[in-house]
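**Student:** Take a look at the following structure, please.
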Amino acid sequence: MTLDDKDRRIVVELEMKKSAENLAQARLAAEHGYWDLVANRLYYSVFHAVAALLVFNRLKVMSHKGSVMLFNRHFLKEGIIPLEEGRIFSLLQTRREEADYNCWFEVDEEEMKTLIPRAESLIKTIQQLL
């Protein structure tokens with residue numbers, strides 16, 4: 001399915017709204033010490049922002065791993081987004097998977113506290129590109 005410019009803009013706005021909602025949920029979870037939920041919500045906040053960026057740039061994504069691959073290829077390797085800033089997307093995907101699927105994995109509170117502002121920064125960078 002190909003989106004016209006109006007529909008593309010609507011999808012971008014909906015993805016960014018979802019990103020903001022997930023980021024707010026991550027902050028609330030952090031206030032209550034639910035660090036596995038923080039990992040999950042932070043990942044999805046960045047995922048939806050990246051999805052908005054990909055849609056905006058007419059790049060079709062079929063999977064979560066595909067979104068990471070396209071983001072890395074088109075935005076990090078091209079230098080549009082600084083590599084160090086953009087690497088958080090892959091890291092958050094890994095942390096979310098560990099937290100969601102491995103009952104023996106314990107999410108590190110200190111790491112999550114550092115990842116919240118990094119996720120916020122990447123989302124702001126993406127907003128500027130839209």
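**Student:** Just need the Rg to Rh number for segment 40-90, please, alpha carbons only, Kirkwood Rh.
**Tutor:** Taking Rh as the inverse mean 1/r over Cα pairs, Rg/Rh reads 0.92.
**Student:** Here are several values of Cα extents along the principal axes in Å: [x] 61, 52, 30; [y] 41, 36, 22; [z] 44, 27, 25. Which one was derived from the coordinates shown?
**Tutor:** Comparing each candidate, only [z] matches the computed number.
**Student:** What aspartates and glutamates does Lys77 reach when the alpha-carbon gap must be under 15 Å and sequence neighbours fewer than 8 apart in one chain are set aside?
**Tutor:** Glu85
**Student:** Between 0 and 90 degrees, rounded to the nearest ten: what's the tilt of helix 5-31 against the longest Cα principal axis of the chain?
**Tutor:** On a 0 to 90 degree scale, this one is about 10.
**Student:** Rounded to the nearest 500 deg cm²/dmol, what is the calculated helix-only ellipticity per residue at 222 nm for the chain, with -39500 (n - 2.57) per DSSP H run of length n ≥ 4?
**Tutor:** Helices in the chain give a 222 nm mean residue ellipticity of -24500 deg cm²/dmol.
**Student:** I've got another one for you. Counting other Cβ atoms within 10 Å, keep those with at most 11, restrict to DSSP loop, and tell me which chymotrypsin sites (Phe, Trp or Tyr not before Pro) in segment 41-130 are left.
**Tutor:** Within segment 41-130, the qualifying chymotrypsin sites (Phe, Trp or Tyr not before Pro) (loop, at most 11 other Cβ atoms within 10 Å) are Trp104.
**Student:** Grab the other residues whose beta carbon is less than 15 angstrom from that of Ser19, score K and R as +1, D and E as -1, and report the net.
**Tutor:** The answer is +3.
**Student:** Also, I was wondering about something else. If you average 1/r over every pair of different alpha-carbon atoms in segment 85-130 and take one over that average, what Kirkwood value in Å do you get?
**Tutor:** For segment 85-130, the Kirkwood estimate is 11.5 Å.
**Student:** Which loop-located trypsin sites (Lys or Arg not before Pro) does segment 1-63 contain, where loop means any DSSP state but H, G, I, E or B and the Cβ has at most 11 other Cβ atoms within 10 Å?
**Tutor:** Answer in residue order: Arg58, Lys60.
**Student:** Starting from the Cα of Gln127, step 7 Å along the direction of its Cβ; do the same at Glu31; then give the gap between the two resulting points in nm.
**Tutor:** Taking the simple label geometry, Gln127 and Glu31 are separated by 1.9 nm.
**Student:** A further question follows. Please give every one of the lysines within straight-line cross-link reach of Lys6, meaning a C-alpha to C-alpha distance under 28 Å, and leave out same-chain neighbours fewer than 8 residues apart.
**Tutor:** Lys17, Lys18, Lys60, Lys65, Lys124
**Student:** Cα convex hull of segment 1-76: mean projected area in nm², to one decimal?
**Tutor:** With the hull built on Cα positions only, its mean projection is 5.2 nm².
Read-outs throughout are calculated quantities, based only on the coordinates presented, and are distinct from any laboratory measurement. Just so it is clear, the structure is predicted and the values come from calculations on it, not from any experiment. Cβ: placed from backbone, ideal geometry, glycine included. Neighbour counts: every protein chain shown.
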